[in-house]
Amino acid sequence: MARSIYITSAEGNTGKSTIALGVLDTLTRSIEKVGVFRPIARSTSERDYVLELLLAHDGVDLDYELCVGVGYDDVHNDPEGALATIVQRYKAVEALCDAVVILGSDYTDVGSPTELGFNARVAANLGAPVVLVLGGRVGERLEARTPDSLRQLAEVAAAELHHEHATLLAVIANRADPDRVDEIRTGISSATADVPVWVVPENPVLVAPTMRSIMEATGGSLLKGDPELLNREALGVVVAAMGMNNVLPRLIEGSVVVVPADRTEVLLAVLMANESGTFPSVAGIVLNGGFELPEPIDRLMEGIRSTLPIIRTELGSYDTAVRITQIRPRLAADSQRKLDTARAMFEEHVDADELLALLDVERTPVVTPLMFEYGLIERARANRRHIVLPEGEDDRILRAAATVLSRGVADLTILGEEIEVRSRAIGLGLDIQAAQVLSSFDDVLRLKFSEEYHRLREHKGVTLERARDTVTDPSYFGTLMVHLGLADGMVSGVAHTTAHTIRPAFEIIKTKEGVAVVSSVFLMALADRVLVYGDCAVIPDPTADQLADIAVSATETSLQFGIEPRIAMLSYSTGESGTGADVDKVREATAMVRKRLVGVPVDGPIQYDAAADAAVARAKLPDSEVAGRATVFIFPDLNTGNNTYKAVQRSAGAVAIGPILQGLRLPVNDLSRGATVQDIVNTIAITAIQAQAARP
């Protein structure tokens, strides 16, 4: 039977979907197969956006239709029949999963005093303990609840759950007054006996509507601007139905500005203020009234070339403002800042280990790709390091930086012109305030770095004048930051070649003592385990000595990431059967590795199938400690390694994390030019973990 947890509330608008996301994240770190179930949806004919959001989570692999119980109408028409259907449909999900996150009803369409009671009955019949979410805000103006009012609400709700024989597991007060967290926790605890109580304070980002939702709510359309910026959150509303002299002082950082379409001077003033850098940056403009812009104004706006979203609506100023303020905040898969913020708030304020203990969850021996990625994040956060990102002009870098900073994975320096980098981040709705932004033309550092680079490379004919030019290259600038201790590691490559990224490291950082070459590995996260593949990116045709170096470095890397090393030195032949220069090279390298890594299981030459498949291993090498159980695969050349990792990635659905450079004194890692935001986040975490070992 799957372990289940039922998340419900005593009223609507508590933000319990953010709590459900946090619980789902927590479970997928420890359990292989986690499901989601929505016993009561608003409708069975229209898709539930919260359920879709949870099903889109990387750790969930279920069809939407399987995960819905009944609609509100079904409950109204026949409560007992609806309950029977819910139990039946839940059992189908439970049979496929090791744990299920069950999300109670929303109180959106038919909220009533009996709705919590019905959710409690469902939880009792599903055998799922309840996490009760209390809303820290109440009323149309969303005023903060006092600790005493939350205590009373908890008392009433707990009694209702008890009356329906549901088990209360924990209470989470969400969107609570940030200044009264301790009082709120104490008050609720007094009403719920020994049940754990966690308090998640209000965060303005989570309750802010996006420009896209504003466009939908006002029935508007995008007149000008970058469509991608419609996902930015609007943190306030400014109604600019006045002269520009009065509008400009009222602009608020991150706000949406409502401008009557016939007040073109105000429109231009807001656009200029947003571009100037001396006024707050706004999230967007809503032109109301439906008037067409005069041709000269339209031409003038084209010359400004602003990317700021401008939405046109037929509504008047008052109706536009009312529609915006009535938007119900919600999580959405396309709002990275909200998802990052929700996860960070849950991780900071809810004790994940205590929650897992309450559910009696033990970590599975299986390691899924998602579990491995979470493990990387947790290890990096445990001992934060400073990573430099030289490619601040790329949006993927900025998005990854926002995620890394919000979740406390690492401290960051982003290279680029500060006003350009920060302006683009603000425009994308990303919070990178905690990052340092540096220009590679910074006069003080350029002088310091050029002198150091000249000292290191003078024997190669590098003059001081040439060094001054070289160090302004972001890859060289970032590498020198690592070399001189201004950063602990560097991640680059989304806009540069591998050679451009790692050449400065060869020249400046150099290899570890006892290691002759810099090589690379990929961490291949399969469905149930993680393997190490090397070298797949750097050395085209390694010698026997270099192969041995690659294997030794790969062993160290595997240990850094919690993978027990069993090394397979791969060839087209297994054991003593083959002859020829290529297989002899592998045989010689295997002997070297055995001498250098006493006590570590090593076998070679060995074919891939004998190294990976237990059945083949029994036939070919029955006495081998490695055959059929290999975790570190060392390929004889780059051609074989690169093609094999890509074949496994595509055909087996493996997550390939890397390339991870190894053998350097200090960590520098290369990214694929097709890297996703999650790839970049993972690589930053890996680099931080390597830095922990390099500079304890």
Quick check on segment 79-89. Is at least one of its residues of a type outside the set (Asp, Glu), at pLDDT 90 or above and within 13 Å of residue 34 (Cα to Cα)? no
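Yes or no, residue by residue, for (1) in a strand (DSSP E or B); (2) more than 21 Å from residue 132 (Cβ to Cβ); (3) polar (S, T, N, Q):
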{"site": "17", "(1), (2), (3)": "no, no, yes"}
{"site": "27", "(1), (2), (3)": "no, no, no"}
{"site": "30", "(1), (2), (3)": "no, yes, yes"}
{"site": "47", "(1), (2), (3)": "no, yes, no"}
{"site": "100", "(1), (2), (3)": "yes, no, no"}
Filtered residue count, segment 288-317, keeping only those that are out of contact with any strand residue (DSSP E or B) (no Cβ under 8 Å at 6 or more places or on another chain) and part of a helix (DSSP H, G or I): 9
Condition (residue is open to solvent by 50 Å² or more (accessible area, probe 1.4 Å), charged (D, E, K, R) and closer than 20 Å to residue 594 by Cα) applied to segment 536-546: is it met by at least one residue? yes
So in segment 183-197, with the set limited to residues that are outside any helix (DSSP H, G or I) and over 29 Å from the mean Cα position of the chain (by Cα), which one is surrounded by the fewest Cβ atoms within 10 Å (Cβ to Cβ)? 194
Give 200, 156, 207 a once-over and let me know the one that is open to solvent by 80 Å² or more (accessible area, probe 1.4 Å) and hydrophobic (A, V, I, L, M, F, W, C). 156
Flagged in segment 580-601 as in contact with a helix residue (DSSP H, G or I) (Cβ under 9 Å, 6 or more places away or on another chain), farther than 12 Å from residue 552 by Cβ and either open to solvent by 30 Å² or more (accessible area, probe 1.4 Å) or of a type in the set (D, E, K, R) (or both), in numbering order, are 584, 585, 587, 588, 591
Assigned to a helix (DSSP H, G or I), at pLDDT below 90 and either closer than 21 Å to residue 26 by Cα or touching a helix residue (DSSP H, G or I) at 6+ places or on another chain (Cβ under 7 Å) (or both): is that true of residue 60 in this structure? no
Residues located in segment 249-285, provided they are small (Gly, Ala, Ser), in a helix (DSSP H, G or I) and surrounded by fewer than 16 Cβ atoms within 10 Å (Cβ to Cβ): 276
Filtering segment 19-47 for residues that are open to solvent by less than 20 Å² (accessible area, probe 1.4 Å) and either within 26 Å of residue 368 (Cβ to Cβ) or without any contact (Cβ under 8 Å) to a residue 12 or more places away in the chain (or both) leaves a count of 17
Regarding residue 515, is this residue in contact with a Leu (Cβ under 7 Å, 6 or more places away or on another chain), among the β-branched types (Val, Ile, Thr) and closer than 30 Å to residue 596 by Cα? no
If I go through segment 376-427 residue by residue, how many of them are outside any loop (DSSP other than H, G, I, E, B), farther than 28 Å from residue 471 by Cβ and over 18 Å from the mean Cα position of the chain (by Cα)? 2
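Condition check ((1) farther than 30 Å from residue 52 by Cβ; (2) touching a Leu at 6+ places or on another chain (Cβ under 9 Å); (3) free of Cβ contacts under 8 Å to residues at least 12 places away in the same chain) across all residues:
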| site | (1), (2), (3) |
| --- | --- |
| 260 | yes, yes, no |
| 264 | yes, yes, no |
| 273 | yes, yes, no |
| 278 | yes, no, yes |
| 294 | yes, no, no |
| 301 | yes, yes, no |
| 328 | no, no, no |
Listed by first then second residue, the pairs whose first member lies in segment 420-438 and is under 16 Å from residue 406 (Cβ atoms), whose partner is part of a loop (DSSP other than H, G, I, E, B) and among the aliphatic types (A, V, I, L, M), with beta carbons under 6 Å and at least 6 positions apart or on separate chains, are 425/432
Tell me, which helices (runs of 4 or more DSSP H) lie completely within segment 446-533 with 2 or more residues that are within 29 Å of the chain's Cα centre (by Cα) and surrounded by 21 or more Cβ atoms within 10 Å (Cβ to Cβ)? 474-483, 498-508
Answer yes if at least one residue in segment 602-620 is in a helix (DSSP H, G or I), open to solvent by 30 Å² or more (accessible area, probe 1.4 Å) and of a type in the set (Val, Ile, Thr), and no otherwise. yes
Residues 233, 253, 265: which one is more than 22 Å from residue 395 (Cβ to Cβ) and touching a Gly at 6+ places or on another chain (Cβ under 9 Å)? 265
Take residue 237 and tell me if it is touching a residue at least 24 places away in the same chain (Cβ under 8 Å), in contact with a Ser or Thr (Cβ under 7 Å, 6 or more places away or on another chain) and either open to solvent by less than 20 Å² (accessible area, probe 1.4 Å) or among the small types (Gly, Ala, Ser) (or both). no
Suppose the filter is part of a helix (DSSP H, G or I), modelled with pLDDT of 90 or more, open to solvent by 70 Å² or more (accessible area, probe 1.4 Å) and closer than 18 Å to residue 16 by Cα; does residue 180 pass it? no
So residue 432, is it surrounded by fewer than 23 Cβ atoms within 10 Å (Cβ to Cβ) and either modelled with pLDDT of 90 or more or farther than 25 Å from residue 654 by Cα (or both): no
Here are the criteria: (1) in contact with a strand residue (DSSP E or B) (Cβ under 7 Å, 6 or more places away or on another chain); (2) more than 19 Å from residue 124 (Cα to Cα); (3) small (Gly, Ala, Ser). Tell me which single one residue 157 does not satisfy. (2)
Options 348, 373: the member that is under 24 Å from residue 34 (Cβ atoms), within 16 Å of the chain's Cα centre (by Cα) and open to solvent by 60 Å² or more (accessible area, probe 1.4 Å): 348
In segment 621-644, residue nearest to the chain's Cα centre (by Cα) [restricted to those that are among the β-branched types (Val, Ile, Thr) and open to solvent by 30 Å² or more (accessible area, probe 1.4 Å)]: 644
Single residue of 654, 647 found to be surrounded by fewer than 16 Cβ atoms within 10 Å (Cβ to Cβ) and either over 12 Å from residue 491 (Cβ atoms) or modelled with pLDDT of 95 or more (or both): 647
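The values are calculated or read from the model by the stated rules, or taken from the named source; none is laboratory data. Keep in mind it's a predicted model, so treat the numbers as computed, not measured. Positions of Cβ are backbone-derived with ideal geometry, glycine not excepted, and every protein chain shown enters the neighbour counts. Protein only, heavy atoms only, side chains kept; ligands, DNA and RNA dropped before computing areas. Shrake-Rupley method; radii C 1.70, N 1.55, O 1.52, S 1.80 Å.
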